[in-house]
């Protein structure tokens, strides 16, 4: 599962790799190969390696784009914590607040305020409403959180 915003980022990354980085890297490989002896040609070896990395990432992105199910906002989600929700929670013992979004694993990279739908926190929050209190158990301790607000990105 992935949010529409997450899918858009995957498509943008794929498009950038395919239309910009791969052609530039291919051109560098061709140039380095034209210099002759490839055995000691650092430019050639580095750019061949980079080209393999790009191709591997492109393959992965194509699979994700084909296989992931985009979860669009639906009015039935209002008032409950579900996939894609922005949730403000408050720790009742310590009094501090967090604002986080529940997403799929592919959207976690580079997003410090996103949590996996499979995490203990997300599992505890699912289907809860504003004002509900949830207990999140971790190996280190147990924490009680209150849900202060729930919002969705509406397409």
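Quick notes
- You will find that of 10, 59, the residue that is exposed (fewer than 14 other Cβ atoms within 10 Å of the Cβ) and either touching a helix residue (DSSP H, G or I) at 6+ places or on another chain (Cβ under 8 Å) or outside the structural domain of residue 141 (by TED's automatic domain parsing) (or both) is 59 and no other.
- Matching option when the condition is buried (at least 16 other Cβ atoms within 10 Å of the Cβ), within 14 Å of the chain's Cα centre (by Cα) and modelled with pLDDT of 95 or more, among 100, 125: 100
- Residue check for residue 50: in contact with a helix residue (DSSP H, G or I) (Cβ under 9 Å, 6 or more places away or on another chain) and either in the same structural domain as residue 117 (by TED's automatic domain parsing) or not in a helix (DSSP H, G or I) (or both): no
- From the list 99, 91, 111, the one residue that fits, being out of contact with any helix residue (DSSP H, G or I) (no Cβ under 8 Å at 6 or more places or on another chain), touching a residue at least 40 places away in the same chain (Cβ under 8 Å), on the phi < 0 side of the Ramachandran plot and outside the structural domain of residue 8 (by TED's automatic domain parsing), is 91.
- Selection status of residue 4, in contact with a strand residue (DSSP E or B) (Cβ under 6 Å, 6 or more places away or on another chain), more than 19 Å from residue 123 (Cα to Cα) and surrounded by fewer than 16 Cβ atoms within 10 Å (Cβ to Cβ): yes
- Boolean, residue 81 is at pLDDT 95 or above, crowded, with 17+ Cβ neighbours inside 10 Å and either outside the structural domain of residue 104 (by TED's automatic domain parsing) or not in a loop (DSSP other than H, G, I, E, B) (or both): no
- Some residue of the stretch 33-42 being loosely packed, with under 13 Cβ neighbours inside 10 Å, in a loop (DSSP other than H, G, I, E, B) and in the same structural domain as residue 147 (by TED's automatic domain parsing): no
The values are calculated or read from the model by the stated rules, or taken from the named source; none is laboratory data. Not measured: the values here are computed from a predicted model. No Cβ is skipped: glycine too gets one built from the backbone with ideal geometry, and neighbour counts run over all protein chains shown.
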